[in-house]
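Colleague: Shown below is the structure under consideration.
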Amino acid sequence: MGIVIENISKHYGSFRAVDEVSLEIKTGSLVALLGPSGSGKSTLLRIIAGLEIPDAGEIWLVGENATYHSVQERNIGFVFQHYALFKHLTVRENIAFAMDLRKHPKHRIRQRVDELLELVQMQGFGDRYPSQLSGGQRQRVALARSLAVQPRILLLDEPFGALDAKVRKDLRVWLRNLHSEVHVTTVFVTHDQEEAMEVADEIVVMNQGRVEQVGKPAEIYDNPATPFVMSFIGPVNVLPADAGILPNKSAVSDHDKVFLRPHDILIKTHANENTMSAIVERIIHLGWEIRVELTLRSGEILNAYLSREEFYQLQLEKGQRVYIKPKQTKVFPAAYAIR
Ligand SMILES: Nc1ncnc2c1ncn2[C@@H]1O[C@H](COP(=O)(O)OP(=O)(O)OP(=O)(O)O)[C@@H](O)[C@H]1O
């Protein structure tokens, strides 16, 4: 049993930052808490860490009720967005810090620091000070430091949030590889859906202090449980049920909303069974894909994304009439509005 969160709530004044959240995080897994700013991800992470006390509910860590345990008793490693390395200590001293405090034997500390420098691919940097490292290198040292005393759980709060896009991408792959070597139960907070999809075994989607859905990246993308999840994980067109996009509209009410991913639209140059006509309004070349803005007969705008091959085969031009067919749609009742 890794982490069990039972009915956790946390208020700040009358504001519910975390609202009756229950969740199970399996031992050895890497789970992302994903949601927009203010959805309660960091508050939940801080409750797991023991930095905040919940108003209600319980936290179980590795089979033990840890709700009222101190931060130290929980034996958790943390890494936050803003590097918290000690500026006046070298990389080696930073990594050794917690072991020094616990008075581990010197030779054991040296050996462990060497192992960790290798694990985070920072051999040769041990004598540098944090100011002599790049942002990505500092975060790798912060990770090594958090792993030094072999925590049972690792909590990462937007650890790559302050880094530029390229470094961030490299570090995602690096974190995934690191996790498959050390297998420590890890909870990772991010508001970036691509980052969550790439790094995590499982994603917990949060919105307004609540859990909207828990699942593997592909499950969340292919079978979103709510309109919020569908809109937050990847691009989507939202159309009224009477926009003419559904082949058989009898099963839905006019007030329902149809959700359709831009990648799930087939475009043809000739009419066919079950196709509907549309006009190409705009073509945006992004290099790796081409985005086509279409107007339906109902006047609704629809975005379709094509691969370069599909686009060049179709030879689309602005103003052209085309015939479209959705490969997959999802209908959510109107009452289920996005919160
Ligand atoms: N100490 C506090 N006092 C008052 N309100 C707080 C406090 N900490 C968090 N909040 C509020 O609780 C809500 C959830 O905050 P939290 O930091 O958990 O969100 P988040 O999903 O991690 O957002 P972000 O991605 O922006 O960090 C926010 O509206 C925030 O303003």
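Colleague: Mind checking the range 192-229 for GluC sites (Glu not before Pro) that DSSP puts in a loop (not H, G, I, E or B) and that have at most 15 other Cβ atoms within 10 Å?
Modeller: Answer by residue number: there is no such site.
Colleague: Another question, if that's okay. What lysines sit close enough to K325 to cross-link, taking a C-alpha to C-alpha distance under 20 Å and skipping anything fewer than 8 places away on the same chain?
Modeller: Answer for K325, where 20 Å is the Cα cut-off: K249, K257, K268, listed by chain and number.
Colleague: Over the alpha-carbon set of the chain, divide Rg by the Kirkwood Rh and report the Rg/Rh ratio to two decimals. Provide the component values of the computation, followed by the final result.
Modeller: Working: Rg = 24.4 Å, Rh = 22.7 Å.
Dividing the radius of gyration by the Kirkwood radius yields 1.08.
Colleague: Something else about it: Which value at 222 nm does the chain reach when only helices count, each DSSP H run of 4 or more adding -39,500 (n - 2.57), with the total divided by all residues and rounded to the nearest 500 deg cm²/dmol? Can you show the working numbers first?
Modeller: Numbers: 10 runs with 95 residues, N = 339.
Helix contribution divided over all residues of the chain: -8000 deg cm²/dmol.
Colleague: Could you tell me the center-to-center distance, by alpha carbons, between the range 92-165 and the range 1-19 in angstrom?
Modeller: Cα centroid of the range 92-165 versus Cα centroid of the range 1-19: 31 Å apart.
Colleague: Check the straight Cα-Cα distances from K169 and name the lysines below 28 Å, setting aside those fewer than 8 residues away within the same chain.
Modeller: K26, K41, K87, K216
Colleague: Can you spot the aspartates and glutamates whose alpha carbon is less than 19 Å from K106's alpha carbon? Ignore those fewer than 8 places along the same chain.
Modeller: Answer for K106, where 19 Å is the Cα cut-off: E93, D114, E115, E118, D127, listed by chain and number.
Colleague: Among DSSP beta bridges lying fully in the range 3-232, give the percent that are antiparallel, nearest 5.
Modeller: 50
Colleague: What order do you get for K268, K325, K257 when you list them from fewest to most C-beta neighbours inside 10 Å? Walk me through the numbers before you get to the answer.
Modeller: Values: K268 12, K325 16, K257 20.
Least to most surrounded, the residues fall as K268, K325, K257.
Read the figures in this text as sums done on the coordinates, not as results from a lab. Just so we're clear, the structure is a prediction, and the values are computed from it rather than from any experiment. All Cβ positions, glycine included, derive from the backbone under ideal geometry; neighbour counts span all protein chains shown.
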